[in-house]
Amino acid sequence: MLITFEGIDGSGKSTQIDLLQKYLNDKGYKVNVFREPGGTDVSEMIRGMLLNPEIDIDPVTELLLFSAARSQLVAEKLLPLLKKDVIVILDRFFDSTTAYQGFGRKSIPIEQIKQINKVATHQLVPDLTFYLRLSLKEAAERTRQFEKDRMELSGDSFFQNVFEGFEHLSKTEERFKAIDAGQDIQAIHEDIVSILEKRLEK
């Protein structure tokens, strides 16, 4: 099973992924967690470029770099693990490319991005995507003290477009499960577990 977590920065993905991994491990499941971009030597090298605030990257180049990092992760790690019936949890996947490079950067038309996503993922699609929905105002409050990387320095209008991208995906993709990320941490975790348990029972 492939489970992905999506949402704007500050929505609490890392915290909820840690809690879910512990929950599944306690249940006896084998679980591997990866972040995007990253997870392989090649992907981590690309991550360093993408997040470096001192580098100016063209929007199309940015799109292709994210996709290249993703392709390496899928080929090297995800596909082999999924064949072994390991549950894989991802902190971001191709939906982030649609939201950030599509709706946010407006690098190329969304339909073209969908085609690139298919190539970069080797046509792998998540079984379940948890979208941690958080207002931009609350996200800004939560991340105020964080050191900002290149993506996080993109400005308010960019993030408004990204938020609208995630909202669009939550309405059009059946695998998207929107969770109110403004709740306390335990309540969010319980919502996630409730949805996942129903899926695991099938």
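All of the numbers you see were taken from the coordinates with simple rules; none came from a lab. Quick caveat, the model's predicted, so the values are computed rather than measured. For neighbour counting, all protein chains shown are included, and Cβ atoms are generated from backbone atoms with ideal geometry for every residue, glycine included.
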### Query
How high is the FRET efficiency from residue 194 to residue 61, r the C-beta distance, R0 25 Å, rounded to 0.05?
0.05
### Task
Hey, can you grab everything whose amide H is under 5 Å from the amide H of residue 12? Only 5+ residues off in sequence or another chain; H modelled, so Pro and N-termini drop out.
none
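Over segment 140-202, consider all pairs of different Cα atoms and compute the Kirkwood hydrodynamic radius from their mean reciprocal separation; express it in Å, one decimal.
On the way: mean 1/r = 0.0699 Å⁻¹.
Across segment 140-202, the inverse of the average 1/r is 14.3 Å.
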### Summary
Between residue 35 and residues 5 or more places away or on another chain, the pairs with built amide H atoms under 5 Å apart involve 91
### Query
Using θ = phi - 60° and the Karplus curve 6.51 cos²θ - 1.76 cosθ + 1.60, what whole-Hz ³J(HN,Hα) does each residue of segment 172-184 get, with Gly and Pro shown as x?
10, 10, 4, 6, 6, 10, 7, 10, 6, 7, x, 6, 6
### Task
Give, in whole angstrom and from largest to smallest, the semi-axes √(5λ) of the equivalent ellipsoid of segment 73-172, with λ running over the eigenvalues of the Cα gyration tensor.
26, 17, 13
### Query
Given Cα pairs under 8 Å that are at least 6 residues apart, what percent is the relative contact order of the chain?
32
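With the convex hull built on the Cα atoms of segment 57-113, state its orientation-averaged projected area in nm².
Working: hull surface 17.0 nm².
For the Cα atoms of segment 57-113, the hull's average projected area reads 4.2 nm².
Calculate, in whole percent, how much of the Cα-Cα pair population of segment 2-201 lies beyond 20 Å. Numbers along the way, then the final one.
Details: 10998 of 19900 pairs.
Value for segment 2-201 (Cα pairs over 20 Å): 55 percent.
As a check on your grasp of the helix formula, calculate [θ] at 222 nm for the chain: sum -39500 (n - 2.57) over DSSP H runs of n ≥ 4, divide by the residue count, round to the nearest 500. Don't skip to the end; give the middle numbers.
Working: 8 runs with 97 residues, N = 202.
Per the formula, -15000 deg cm²/dmol.
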### Cross-link pairs beyond the 20 Å C-alpha cut-off, checked among 13/177; 22/148; 22/198; 13/148
22/148
### Task
Can you check what the net charge comes to around residue 100, using other residues whose Cβ is under 13 Å from the Cβ of residue 100 (Lys, Arg +1; Asp, Glu -1)?
-3
